[in-house]
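These notes are about the structure you will find just below.
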Amino acid sequence: MPIHFPGYDEYLILDDDILFSKNAPAFPKGGTDSFLMAQDPMKGVTDAPFVRFNGNTGVLLVGKNKRYLLDRVFDLPVTMGGAPHTTNEGFTIWGPYDQGLINEVAFKEQAVTELDFRFNYALVPEYWLNANQKKWVTSTLYRLRYYFTLMLPFHRNARNMRKAFVLHLINCRFIPYVDFVYNRL
């Protein structure tokens, strides 16, 4: 939490399942009034009119003047598991755990600037949401086929992965393999 580390102009807050590209550029400068967040690949669940897009909280760049928004989140009850967050007004906001709350608090304050998705590319969910979801869950062979396509230089999945500066490894089963094909091939 930024409150425990005062004195910085900006705070880069990362999930523990983040993988940086060896070719990634520097993060954009947000400034002291910034609250940068990339879109979540999950679309269509949020009905709160003040939320412009479902923000994924795996990578946040927060300026010191917006730190208070994160403090406010931790004073609120968190939705556990994969359930969407429900606001006091009855709106639904996608996001497990604190993600829905962070979206609610930051968007209500009109503080969010969209971060380029390449700084928080959700590799597996991006594919899973556009694939046969039932087969993804039930077939190991189907999942292995997807991971194999990441090695094929001209395959769409590999191209999408290589465009990313930062991979968010949500539900990724083979992290050492993904690291190998992402940063070493």
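The values are calculated or read from the model by the stated rules, or taken from the named source; none is laboratory data. Worth saying up front: this structure is predicted, and the values here are computed from it rather than measured. Glycine gets a Cβ as well: all are built from the backbone with ideal geometry, and neighbour counts include every protein chain shown.
A single entry from VAL45, VAL59 fulfils the requirement of being within 18 Å of ALA122 (Cβ to Cβ), surrounded by fewer than 16 Cβ atoms within 10 Å (Cβ to Cβ) and among the aliphatic types (A, V, I, L, M): VAL45. Number of residues in the stretch 151-174 that are modelled with pLDDT of 90 or more, within 20 Å of the chain's Cα centre (by Cα) and of a type in the set (A, V, I, L, M, F, W, C) equals 7. Of all residues in the stretch 83-103, those that are under 16 Å from ASP15 (Cα atoms) and surrounded by fewer than 19 Cβ atoms within 10 Å (Cβ to Cβ) total 3.
Look at (1) touching a residue at least 40 places away in the same chain (Cβ under 8 Å); (2) surrounded by fewer than 17 Cβ atoms within 10 Å (Cβ to Cβ); (3) farther than 30 Å from GLY7 by Cα and you find that MET80 fails only one, number (1).
Here ASP71 does not fit the description of being over 14 Å from GLU114 (Cα atoms), at pLDDT 90 or above and in the same structural domain as ASP33 (by TED's automatic domain parsing).
I'd like to know if the stretch 17-32 contains one or more residues that are of a type in the set (Lys, Arg), more than 13 Å from the chain's Cα centre (by Cα), closer than 13 Å to ASP116 by Cα and surrounded by fewer than 15 Cβ atoms within 10 Å (Cβ to Cβ). Looking through the stretch 17-32, at least one residue is of a type in the set (Lys, Arg), more than 13 Å from the chain's Cα centre (by Cα), closer than 13 Å to ASP116 by Cα and surrounded by fewer than 15 Cβ atoms within 10 Å (Cβ to Cβ). Within the stretch 23-44, the presence of at least one residue that is among the charged types (D, E, K, R), closer than 30 Å to ARG184 by Cβ, without any contact (Cβ under 8 Å) to a residue 40 or more places away in the chain and part of a loop (DSSP other than H, G, I, E, B) is confirmed. Residues in the stretch 146-173 that are exposed (fewer than 12 other Cβ atoms within 10 Å of the Cβ) and farther than 16 Å from ASN23 by Cα: PRO153, PHE154, ARG156.
Applying the selection to the stretch 89-134, what residues are in a loop (DSSP other than H, G, I, E, B) and touching a strand residue (DSSP E or B) at 6+ places or on another chain (Cβ under 6 Å)? GLY95, ALA111, VAL112, LEU115, ASN120, listed by residue number. Going residue by residue through the stretch 118-134, is there one that turns out to be among the basic types (Lys, Arg), modelled with pLDDT of 85 or more and surrounded by 15 or more Cβ atoms within 10 Å (Cβ to Cβ)? Yes.
Residues that are outside any loop (DSSP other than H, G, I, E, B) and hydroxyl-bearing (Ser, Thr, Tyr) occur in the stretch 47-59; there is at least one. Restricting attention to the stretch 50-88, the residues being of a type in the set (D, E, K, R) and touching a strand residue (DSSP E or B) at 6+ places or on another chain (Cβ under 9 Å) number 4.
Residues that are within 19 Å of the chain's Cα centre (by Cα) and in contact (Cβ under 8 Å) with a residue 24 or more places away in the chain within the stretch 83-100 comprise PRO84, THR92, ILE93, TRP94, GLY95, ASP98, GLN99, listed in sequence order. Inside the stretch 2-12, residues that are surrounded by 12 or more Cβ atoms within 10 Å (Cβ to Cβ), in contact with a helix residue (DSSP H, G or I) (Cβ under 8 Å, 6 or more places away or on another chain) and of a type in the set (A, V, I, L, M) make up a count of 0.
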